[in-house]
1. For the list (1) in contact with a Ser or Thr (Cβ under 9 Å, 6 or more places away or on another chain); (2) within 27 Å of L335 (Cβ to Cβ), I need the number of the one condition that A484 fails.
2. Hey, any hits in segment 441-450 for a residue that's within 20 Å of Q498 (Cα to Cα) and assigned to a strand (DSSP E or B)?
3. Run R351 past the list (1) crowded, with 17+ Cβ neighbours inside 10 Å; (2) more than 30 Å from N295 (Cβ to Cβ) and report the number of the one that doesn't hold.
4. In the list G333, G297, G326, which residue meets the criterion of being open to solvent by less than 30 Å² (accessible area, probe 1.4 Å) and either under 27 Å from the mean Cα position of the chain (by Cα) or free of Cβ contacts under 8 Å to residues at least 12 places away in the same chain (or both)?
5. Check off (1) farther than 21 Å from G326 by Cα; (2) of a type in the set (F, W, Y); (3) surrounded by fewer than 16 Cβ atoms within 10 Å (Cβ to Cβ) for F53 and give me the number that stays unchecked.
6. Exactly one of these conditions fails for E316: (1) in a helix (DSSP H, G or I); (2) farther than 30 Å from R149 by Cβ; (3) of a type in the set (D, E, K, R); (4) in the same structural domain as F405 (by TED's automatic domain parsing). Give me its number.
7. State all residues of segment 433-460 that are charged (D, E, K, R), open to solvent by less than 90 Å² (accessible area, probe 1.4 Å) and without any contact (Cβ under 8 Å) to a residue 40 or more places away in the chain; if no residue qualifies, say none.
Amino acid sequence: MAFANETALPRYLRVEQDRIERIASDSGLDFFPTVFEMLSYDQMNEVAAYGGFPNRYPHWRFGMEYERLAKSYEYGLSKIYEMVINNNPSYAYLLEGNSLTDQKLVMCHVYGHVDFFKNNFAFRTTDLDSGGRVLAGSLESGSEYKPNRKWVDKMANHGSLVRRIVDRHGIEKVESLIDVCLSLENLIDPWSRFVVRRRHKEAEEEPTEIVVPRLKSKDYMDEFINPENFIKEQRTRLLAEREREKGRFPTEPRQDVLLFLLEHAPLERWERSVLGVMREEAYYFVPQMQTKIMNEGWASYHHSSLMTGAVADWSEIIDYSEANAGVMATANGQLNPYKLGVELFRSVEERWNKGRFGREWEECDDLDVKRDWDLRLGLGKQKIFEVRALYNDVTFIDEFLTPEFAMDHKLFTFAWSNRSDRFEIETREFRKVKEKLLAQLTNFGNPVIYVQDGNYENRGELLLRHDHRGVDLRSDYARDTLTALHRLWKRPVCIVTQSENKPVTMRYDGTEHSVVNSDA
């Protein structure tokens with residue numbers, strides 16, 4: 001209660017909030033109730049270090065993150081203007097000492113974010129009343145959609161649970177386990193909330209007879225097309241595969257490694273509770289990683305239209321433009337999600353306003369005709385609201401990043417040049433630029449790892465498989481990951497991957513790491 005009293009908005013900002021909320025709603029935004037609080041820069045850094053949730057579990061990494069943010073602010077390297085939490089009601093934090101123009105800009109930006117939280121399909125996985133699953137036909141919207149997203153309370157409950165465990169088992173023991181769990185928090189299945197990965201299969205009372213598929217042929221040709229020796233060999237092979245699969249678990253590869261560990265690792269009760277907390281919180285942050293470009297682009301699009309429309313007066317336009325330019329600036333060697341996102345949304349709006357889509361547009365080869373193409377359809381606003389509901393970063397980039405957009409915005413890829421001993425432009429070819437961008441976004445740039453076998457070679461070892469997509473695992477990261485997995489599995493852990501185009505198996509048995517060549 002004291003914190004709420006200390007961080008309440010001053011009256012003049014509450015008036016501005018009410019006005020901006022009405023303007024944002026009139027512009028078509030549909031958001032959760034939003035609570036703004038005013039924080040000093042120390043408080044802002046504290047809340048930011050906790051990921052926006054001040055009542056999370058105790059761990060040293062939050063203190064480390066606070067020190068990084070505090071020093072960055074004190075040295076003038078960065079400044080947190082705002083922070084908004086995917087919650088219902090949503091919570092947003094304003095920085096004390098910002099100018100009125102900055103506070104207006106932040107409020108407009110926040111309402112764009114909260115509209116995105118409420119309406120984008122990826123965030124439906126954070127609805128606590130849906131069990132974290134999103135079913136076809138369940139995307140309600142508007143005032144009737146009032147999900148339970150009390151994640152502030154949920155995170156506080158997690159914090160209380162971990163603190164009780166700390167009281168019982170000691171801080172060092174618990175923090176050590178949290179370190180292990182956090183090092184594995186990306187070994188989840190981001191899309192498991194949208195698909196059925198596992199179906200219950202009834203055990204067969206008696207194994208069915210193995211039937212070898214036969215090629216179609218005339219009766220008199222069958223002994224030549226399907227020779228008996230070949231049929232016997234195939235039946236023997238299929239029988240051997242059935243015997244191998246009989247004792248294997250999981251029966252199919254599982255991408256959610258943390259869930260597999262929760263179900264099968266020999267953990268103590270308190271260890272299982274801590275791992276469950278880490279996994280649940282990891283899934284909470286997945287939608288934000290899946291939609292970083294879209295989310296920031298959507299918020300930036302609306303803060304721009306609202307501020308230059310009805311929110312800012314003439315005396316604030318210069319200050320707004322300066323702040324907005326800072327947000328849109330691109331640092332060397334970094335992709336600015338605000339800039340890319342907002343420009344793509346503007347591109348989509350312009351294309352659908354002018355009718356630059358569809359078969360006729362795609363088949364037109366005359367650049368002069370395309371340059372002046374304008375069917376005056378006026379469908380841009382409708383289209384971008386549809387896009388914000390139904391896409392994530394990968395599908396957004398894949399569908400709407402066009403050669404014309406890449407050329408207009410001078411997109412390119414860069415790489416280190418040993419010849420000149422510096423980074424240089426690698427290519428401006430549209431296909432390669434798009435492929436590299438999509439590769440960075442797919443699975444958030446993390447390697448895709450599956451549990452292949454929980455009883456490898458009948459020795460109780462854990463076998464993982466890396467879905468190699470052209471990029472080798474970093475050997476030091478892989479070794480650290482195997483060490484962390486061994487802490488939970490308590491038996492040797494292996495991973496099958498590729499190194500320099502050769503299949504290898506990396507293994508850790510609790511004392512030493514080894515790498516051996518293996519079959520693919």
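1. Checking A484 against (1) in contact with a Ser or Thr (Cβ under 9 Å, 6 or more places away or on another chain); (2) within 27 Å of L335 (Cβ to Cβ), the one that fails is (2).
2. First, pick out the residues of segment 441-450 that are within 20 Å of Q498 (Cα to Cα): 442-443, 445-450.
Filter once more, so that each one left must be assigned to a strand (DSSP E or B): 449-450.
Checked segment 441-450: at least one residue is within 20 Å of Q498 (Cα to Cα) and assigned to a strand (DSSP E or B).
3. Single failed check for R351: (2).
4. Every option except G297 fails the conditions.
5. For F53, the failing item is (3).
6. Exception for E316: condition (4).
7. So the first thing to find is which residues in segment 433-460 are charged (D, E, K, R), and the list is 434-436, 453, 457, 459.
If we keep only those that are open to solvent by less than 90 Å² (accessible area, probe 1.4 Å) as well, we get 434, 436, 453.
Residues satisfying the conditions are K434, K436.
Okay, residues lined up against (1) closer than 26 Å to G28 by Cα; (2) among the aromatic types (F, W, Y):
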position: D366; (1), (2): no, no
position: V369; (1), (2): no, no
position: W373; (1), (2): no, yes
position: Q382; (1), (2): yes, no
position: N392; (1), (2): yes, no
position: F396; (1), (2): yes, yes
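The values are calculated or read from the model by the stated rules, or taken from the named source; none is laboratory data. Keep in mind that this is a model prediction, so the values were computed, not measured. Positions of Cβ are backbone-derived with ideal geometry, glycine not excepted, and every protein chain shown enters the neighbour counts. Just the protein is used for accessible areas: all its heavy atoms, side chains included, with ligands, DNA and RNA removed. Shrake-Rupley method; radii C 1.70, N 1.55, O 1.52, S 1.80 Å.
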